[in-house]
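Working notes, structure below.
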Amino acid sequence: QVQLVESGGGLVQAGGSLRLSCAGSGRTLSAFITGWFRQVPGKEREFVAAISRVGIRTEYADSVKGRFTISRDNAKNTVYLQLNTLKPEDTGVYSCAVANGVWVGKSSNFGSWGQGTQVTVSP
């Protein structure tokens with residue numbers, strides 16, 4: 001079983017940038033499809049981005065296309081989410097998760113959730 005730890009969140013002004021990291025342990029992350037999600041209190045968890053095992057395929061939520069970039073460094077057992085041109089509506093707890101099986105992007109059966117990292121974007 002893989003354990004996931006997210007980091008890199010923080011407080012940033014609108015228009016700023018952050019880079020989130022999802023570090024895996026216990027098993028190599030390259031064995032899994034990896035996704036990023038976000039959640040705010042009172043709302044359901046929302047898909048943000050996903051990346052295939054070797055990083056060839058990616059998928060993004062419409063709300064973040066052109067602003068966020070998901071990537072992976074399998075040598076470091078880490079998946080990244082670069083957040084650019086941040087907006088207040090991007091505020092939330094960002095978590096990563098993994099999935100087995102064939103690539104179906106955001107429809108993959110994600111599990112093994114990390115604890116999340118808080119991103120707060122001020123106006």
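The values are calculated or read from the model by the stated rules, or taken from the named source; none is laboratory data. Everything numeric here is computed off the predicted structure, so don't read it as measured data. Note that each Cβ is placed from the backbone with ideal geometry, even for glycine, and that neighbours are counted across all protein chains shown. Note: areas computed on protein heavy atoms with side chains; ligands, DNA, RNA excluded. Shrake-Rupley method; radii C 1.70, N 1.55, O 1.52, S 1.80 Å.
Things worth noting here:
- Protein accessible area in the chain, 1.4 Å probe - carbon and sulfur %: 49
- Positive-pole candidate from Gly116, Gln82, Gly26, dipole of the chain, charges at beta carbon: Gly26
- Partners for Lys76 among lysines (Cα-Cα distance below 28 Å; same-chain residues under 8 apart left out): Lys65, Lys106
- Of the GluC sites (Glu not before Pro) found in the range 33-93, the ones in coil according to DSSP and having at most 13 other Cβ atoms within 10 Å of their Cβ are Glu44.
- Hz values of 3J(HN,Hα) by residue in the range 113-123 - Karplus curve (6.51, -1.76, 1.60), Gly and Pro given as x: 5, x, 7, x, 9, 7, 10, 10, 10, 8, x
- Percentage relative contact order, the range 1-121, counting C-alpha pairs under 8 Å, at least six apart: 35
- Solvent-accessible surface (1.4 angstrom probe) belonging to Arg27, in square angstrom, nearest 10: 110
- Accessible surface of Asp62 - all protein chains present, 1.4 Å probe, nearest 10 Å²: 130
- Only protein heavy atoms count here; on that basis, with a 1.4 Å probe, Thr78 has an accessible area of about 20 Å².
- You can think of it this way: the chain between Asn109 and Lys76 has 9.5 nm of extra reach, that is 0.36 nm per residue less the Cα-Cα gap.
- Electrostatic dipole magnitude of the chain [Cβ: Lys, Arg +1; Asp, Glu -1; Cα centre; debye, to 20]: 220
- Protein-only accessible surface order, largest first, of Ile51, Ile56 at 1.4 Å: Ile56, Ile51
- Based on protein heavy atoms only, the chain ends up with 50 Å² per residue of surface accessible to a 1.4 Å probe.
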